[in-house]
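Take a look at the structure below.
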Amino acid sequence: MTERKYPPFTQLGMLSLGLIVVGVIYLSSHIPQHVPLGPAIALLIASSVVLIANLALLRRVPDFAWPRFFQVAKWALLAYAFTAAMIEYAFLRDHLKGGPLVILTLSLLVYALQVPTLIAFTVARYDTSREDELRRAAA
């Protein structure tokens, strides 16, 4: 059995998350004073670009277990959307507004998308149901 070649999905996903974490820490360290938004915006854009590129690279993998990926991703997305909503509620409860709120909200969106895709990829890359079907069909 040969190991399939996958793009560096986990590594790029962790890079995307790392960029988001740095941006959120940067913003949080300046609140409640005036926050220069430039660095946080640059980190958010970089993280979003990495997320999109990561998904585009994964899309090019032949015979990837997409049904399993989406099966896992939808439930993980539900869980992470809930946690992101709770964090967003804390931002609103603390009367955060304006540019910092927008940047933090978009950062939460990237977080709530990136983590479920990492979880789903980890499950789908080891899914053998497709290979079992092909073996049964060939027999």
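A compact table of results
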| quantity | calculated |
| --- | --- |
| Residue ID - most open to solvent (accessible area, probe 1.4 Å), chosen from residues in the stretch 96-139 that are more than 18 Å from LEU44 (Cα to Cα), of a type in the set (Gly, Ala, Ser) and modelled with pLDDT under 90 | ALA139 |
| Residue match in the stretch 77-93 (condition: under 17 Å from GLY13 (Cα atoms) and surrounded by 17 or more Cβ atoms within 10 Å (Cβ to Cβ)) | yes |
| Which numbered condition GLN11 misses (of (1) touching a residue at least 12 places away in the same chain (Cβ under 8 Å); (2) within 23 Å of ARG125 (Cβ to Cβ)) | (1) |
| Residue match in the stretch 31-40 (condition: crowded, with 17+ Cβ neighbours inside 10 Å, in a helix (DSSP H, G or I) and not aromatic (Phe, Trp, Tyr)) | yes |
| Pair list, Cβ under 8 Å, 6 or more apart: the stretch 61-75 residue closer than 22 Å to TYR111 by Cα, other residue of a type in the set (Ser, Thr, Tyr) and surrounded by 15 or more Cβ atoms within 10 Å (Cβ to Cβ) | ALA73/THR117 |
| Set TYR89, TYR26, TYR126, TYR111: member being without any contact (Cβ under 8 Å) to a residue 12 or more places away in the chain and part of a helix (DSSP H, G or I) | TYR89 |
| Residues located in the stretch 43-68, provided they are part of a helix (DSSP H, G or I) and open to solvent by less than 60 Å² (accessible area, probe 1.4 Å) | LEU43, LEU44, ALA46, SER47, SER48, VAL50, LEU51, ALA53, ASN54, ALA56, LEU58 |
| Condition check for VAL72: of a type in the set (Val, Ile, Thr), out of contact with any Gly (no Cβ under 6 Å at 6 or more places or on another chain), outside any loop (DSSP other than H, G, I, E, B) and farther than 14 Å from GLY99 by Cβ | yes |
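The values are calculated or read from the model by the stated rules, or taken from the named source; none is laboratory data. If you're wondering where the values come from, they're calculated on a predicted model, not measured in any experiment. Every residue, glycine as well, gets a Cβ built from its backbone with ideal geometry; the counts of neighbours run over all protein chains shown. Note: accessible area is taken over every heavy atom of the protein model, side chains too, but ligands, DNA and RNA are not part of it. Shrake-Rupley method; radii C 1.70, N 1.55, O 1.52, S 1.80 Å.
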